[in-house]
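Novice: Before I ask anything, here is the structure I am working with.
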Amino acid sequence: MNWSDDGIVLGGRRFGEGGLILDVLTAGRGRRSGLVYGGASRKRRGQYDAGNTLALSWSGRLDDQLGRFDVAEARRERASRLLDDAAALSAVASITALLRAGLNEGDAAGSNLFEATSLLLDELGNPDIWPALYVRWELGLLSALGFGLDLEECAISGANDGLTHVSPRTGRAVRGSEAEDYIDRLLAIPDFLLRSDAAVMPGDIAAGLKLTGHFIENRLFASVHRGMPPERARLVLRLLTKT
């Protein structure tokens, strides 16, 4: 069996003397793994850094068994451009760790994340833009994997404007003015997650990360009995320290 696709490198581990088992998010086949002969060599290993996009060909006996990757070329070598930006490198680590932990091998939902993940990775050189994109990406991750939040209308009144908070239990949005008795138990939702034209205000990134982090940990990873990847916590610390 054979197929070809573009894949974002999520990570890899050594196999034998010079081999590398490469983990990627493909455009059409979700998360996939394959053996790259000689991939751990000093000469070649740079192109397999997490966050790079490669043109790949996979071959194997059965689709659900570990096959072999042949790498045609590197479409995007992003990691080398971010070496002097610790926050951006932390973002790459968090993105790839969340995808590795949240997606099973061959999970078709991963293909729905390929374009958004590529866009986010391409913007990591722009520190004024990517933190907000990252929060939106986490919101999209939840939706793609079946844990999306309901941000269309107030759970109490049905109104679709003035939304300010989300219930940590149901994932439904509410107006803070209509939930005054228990507002301290709700999660704030920054306006930029509700309107694409909204400015990102001070404190919005922190609020957005708290919101998405709650549901990634307590819905997505709780459903598979896993904890939040430590790479995500390190990114949050960097971003909050930076801001």
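Where a number appears in this text, it was derived from the coordinates with a stated rule and is not lab data. Only a predicted model underlies this, so the values are computations on that prediction, with no experimental measurement involved. Please note: Cβ atoms are built from the backbone with ideal geometry, for glycine as well, and neighbour counts cover all protein chains shown.
Novice: Around Gly28, under 11 Å between beta carbons, what's the net of Lys plus Arg minus Asp minus Glu among the other residues? Spell out each step's value before the answer.
Specialist: On the way: positive: Arg29, Arg32; negative: Asp5, Asp6.
In short, 0.
Novice: Looking at the chain, send over the antiparallel percent of its DSSP beta bridges, to the nearest 5.
Specialist: Numbers: 33 of 36 bridges.
Percent antiparallel among DSSP bridges in the chain is about 90.
Novice: Tell me the label only: which of [x] 26; [y] 15; [z] 22 is percent of Cα pairs over 32 Å apart as calculated from this structure?
Specialist: [x]
Novice: Around Gly208, what is the net charge, scoring Lys/Arg as +1 and Asp/Glu as -1 over all other residues with Cβ under 11 Å from its Cβ? Write out the running numbers ahead of the final one.
Specialist: Working: positive: Arg136, Lys210; negative: Glu138, Asp191, Asp204.
Within the 11 Å Cβ shell, the charges total -1.
Novice: Could you pull the Cα extents of region 108-203 along its three principal axes, largest to smallest, in whole Å?
Specialist: 43, 33, 21
Novice: A further question follows. Efficiency by 1/(1 + (r/R0)^6): what FRET value for Asp85 and Arg14, r their Cβ-Cβ distance, R0 = 25 Å, to the nearest 0.05?
Specialist: After rounding, the FRET efficiency stands at 0.40.
Novice: Let me ask another. Using just the helices of the chain, give the 222 nm mean residue ellipticity in deg cm²/dmol: DSSP H runs with n ≥ 4 each add -39,500 (n - 2.57), and the total is spread over all residues, rounded to 500.
Specialist: Numbers: 5 runs with 66 residues, N = 243.
Mean residue ellipticity, 222 nm, calculated: -8500 deg cm²/dmol.
Novice: Another question about this same structure. How long, wide and thick is region 165-240, going by the Cα atoms along their three principal axes, in whole angstroms, largest first?
Specialist: 35, 26, 21
Novice: Can you give me the span-like helices of the chain, meaning DSSP H runs with 15 Å or more of Cα extent along the axis and Kyte-Doolittle mean at or above 0.5?
Specialist: Values: long enough: 86-102 (24 Å, 1.50); 130-144 (20 Å, 0.61); 204-215 (17 Å, 0.53); 230-242 (18 Å, -0.15).
In the chain, the long hydrophobic H runs are 86-102, 130-144, 204-215.
Novice: Right, next: Given 25 °C and 0.890 mPa s, how large is the Stokes-Einstein diffusion coefficient of region 2-77 in µm²/s, with Rh as the Kirkwood radius over Cα pairs? Don't skip to the answer; put the middle values down first.
Specialist: Values: Rh = 12.0 Å.
Calculated translational D: 205 µm²/s.
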